[in-house]
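Report on the structure given below.
The values are calculated or read from the model by the stated rules, or taken from the named source; none is laboratory data. Bear in mind the structure is a predicted one, so any value in this text is a computation, not a measurement. Counting neighbours? That spans all protein chains shown, and the Cβs are built from the backbone with ideal geometry, glycine included.
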Amino acid sequence: MDSYYTFNNIDKAAADFLKSADGHKVLAFHGEMGAGKTTFIKAICRQLHVINSVSSPTYSIINQYTASNGQPVYHLDLYRIKDEEEAVLAGVEECFYSGNYCLVEWPEKTPALLPEDTLHCYLSDSGNNERKLQIKM
């Protein structure tokens, strides 16, 4: 599965993205610093009807939110993780295999820990106030 989108309406892009995610729960977001990963994850959380304030878990590593249906939604930022052992100790595997949505920034820090069916999303700035999103299985 390879898909490409260019968007400037982030909420519509997030809704379309979730429809195309086809039931995948672990969503890994790749992109340079400032590519819009956290902003896009906030839009996805709006689509999932998260009732909490969504913010980057840069220092906490894992934020747990609650959707309006009571289900947890995990948001991980692995930027500060030194190695996979530290990630395991932080509890990332429990999130990955929980069966709940798990939105992961900087997944390249823990490639061996990600489930096989992780959906990889590559965000980049395409200019003119637009972002490009590439989705790979």
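What the table below lists for this structure:
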quantity	calculated
So S20, is it closer than 27 Å to N9 by Cβ, of a type in the set (S, T, N, Q) and touching a residue at least 12 places away in the same chain (Cβ under 8 Å)	yes
Single condition M33 does not satisfy, out of (1) surrounded by fewer than 19 Cβ atoms within 10 Å (Cβ to Cβ); (2) in contact with a Cys (Cβ under 9 Å, 6 or more places away or on another chain); (3) at pLDDT below 95; (4) among the hydrophobic types (A, V, I, L, M, F, W, C)	(2)
Hits in the range 50-97 (condition: part of a loop (DSSP other than H, G, I, E, B) and within 15 Å of the chain's Cα centre (by Cα))	V54, S55, S56, P57, T58, I61, L78, Y79, Y97
From the options I10, I51, I62, residue that is at pLDDT 95 or above, of a type outside the set (F, W, Y) and either closer than 26 Å to E130 by Cβ or touching a His at 6+ places or on another chain (Cβ under 9 Å) (or both)	I62
